[in-house]
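The block underneath contains the structure these notes are about, expressed in structure tokens.
The values are calculated or read from the model by the stated rules, or taken from the named source; none is laboratory data. None of the values given here were measured: they were computed from a predicted structure. Here the Cβ positions follow ideal geometry from the backbone for every residue, glycine too, while neighbour counts run over all protein chains shown. These accessible areas exclude ligands, DNA and RNA; they are computed on the full protein's heavy atoms, side chains included. Shrake-Rupley method; radii C 1.70, N 1.55, O 1.52, S 1.80 Å.
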Amino acid sequence: MFTAAEILDINQLLVPENKIVIITHYNPDGDAIGSSLGLKHYLKAKGLSPEVVVPNDFPKFLKWMPEAKKITIADYKRKKAAELIAEADVLFILDFNAPIRAGQLVAPWIEKSRAKKILIDHHQQPECFDFVYSDVTIPATSQMVYHFIEAMEEERLVNLDIAQCLYTGIMTDTGGFRFRSTSAATHRIVANLIDNGADPAMISGNTWDTNTVSRLHLLSLILGRIEIVNDGKVAILWLKRDELERFGFEKGDTEGFVNYGLSISGVQLSAFFMEDLYENFIKISFRSKDLVDVNQLARKHFNGGGHINAAGGKYYKDIYETIEDFKEIILDEEF
């Protein structure tokens, strides 16, 4: 957490005359949007007027959250997004550890900004900002936003909008409270959010029970050809661009696919490979159990990173070569 002195300094920045912008990473997920909107609603409860900017669009199943439709998407509104960041006095950097994680469009705007930059993030190896709250042991940035509110001694400001957004972020980044990093503190915070109006059934239904026909077609396809290697310890799933196009892929349709591999008995690592729709690279998602460190795997071999049990990356070969290289690399890994 920020030091007591830093909290005082941050509090002095959070005044109506300062322009405040909240930014999250490229390809925003549930925690990115939940933490950003949760922080926005908290700052609004303080009488401020923050803006949220995301580099590119996010899945439809997250757009039910309060004021999600007021988010400025840089890919669609470049001029507005650039102006908001350039004119900001305070930038909150949420759920990513370095400007490059905001993508090639937004990263230079962050780097050029003269605003005071406040990082709240749970990924490894954060870059230096004016204020840094980094903790890799916390399962969701949304939980860290709640801890920030606690440090500001303003839990009384937590309202329905804040509760719904932060609950969504925590729920999604903990895999429904199933991942190892989910702690007693996580559950206590979730209980407080429920006390403040978060409805678990409604949030789960709006966020997860939203299958599309295209998603089910794609899921059927990858499950039909899932490959198990390394003596049953590694699962491989994959999709090609023409398959995405054939079934009318929409953003978010493949969310959680990698977890199906990890659900197989004996599997310690699941890898999901997918051709990008527009560029010539392979998007990779890794999930693992126990001490299998996919963060280091992604950083060392696949131009990525993340957490010990959840990481991602990119690879610049075709999908078949990527999968074969992956198989070779994991021969040397211990499980």
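Side notes on the structure shown:
- Model label points for ALA201 and SER214, set 7 angstrom from Cα along the Cα-to-Cβ axis, are 3.2 nm apart.
- Measuring nothing but protein heavy atoms, the accessible surface of region 213-331 at 1.4 Å probe radius is 49 percent carbon and sulfur.
- Working value for region 88-239: equivalent-ellipsoid semi-axes of 31, 24, 16 Å, each the square root of 5 times a Cα gyration tensor eigenvalue, largest first.
- Point-to-point label distance, LEU8-LEU223, nm (Cα→Cβ direction, 7 Å offset): 5.8 nm
- When its C-alpha radius of gyration is set against 2.2 N^0.38 Å (N residues), region 162-286 gives a value of 1.22.
- Volume per residue of the convex hull around the Cα atoms, evaluated for region 195-245, comes out as 140 Å³.
- Highest-fluctuation residue, THR137, THR254, THR212 considered, GNM on the chain with Cα pairs under 10 Å: THR212
- The chain: most fluctuating residue of VAL294, VAL15, VAL52 per GNM, C-alpha cutoff 10 Å: VAL15
- Extension reserve of the LYS77-ILE329 stretch, reckoned as 0.36 nm per residue once the Cα distance is removed: 86.6 nm
- Loop-resident sites, region 197-301, for GluC sites (Glu not before Pro), counting at most 16 other Cβ within 10 Å (DSSP): GLU250, GLU279
- Alpha-carbon Debye profile of region 59-130, log10 I(q)/I(0) at 0.18, 0.23, 0.24 Å⁻¹: -0.79, -1.17, -1.22
- Sorted largest first, the spans of the alpha carbon positions of region 213-331 along the three principal axes are 37, 30, 23 Å.
- Computed P(r) (all Cα pairs; the chain; 10 Å bins; percent): 6, 26, 34, 24, 9, 1, 0
- Think of a 1.4 Å ball rolled over the protein heavy atoms: the chain then has 45 Å² of accessible area per residue.
- Whole-Å distance, taken between Cα centres, linking region 284-303 and region 198-228: 23 Å
- Estimated translational diffusion coefficient (Stokes-Einstein, Kirkwood radius over Cα pairs, 20 °C, 1.002 mPa s) of region 92-168: 159 µm² per second.
- Mean ellipticity per residue at 222 nm, deg cm²/dmol - from DSSP H runs of n ≥ 4 across the chain, formula -39500 (n - 2.57): -12000 deg cm²/dmol
- Working note: Cα atoms of region 248-296, range along each principal axis, descending, whole Å: 34, 23, 12.
- Along the chain, the exposed loop sites are trypsin sites (Lys or Arg not before Pro) outside DSSP states H, G, I, E and B with at most 10 other Cβ atoms within 10 Å, and the longest stretch free of them is 1-113.
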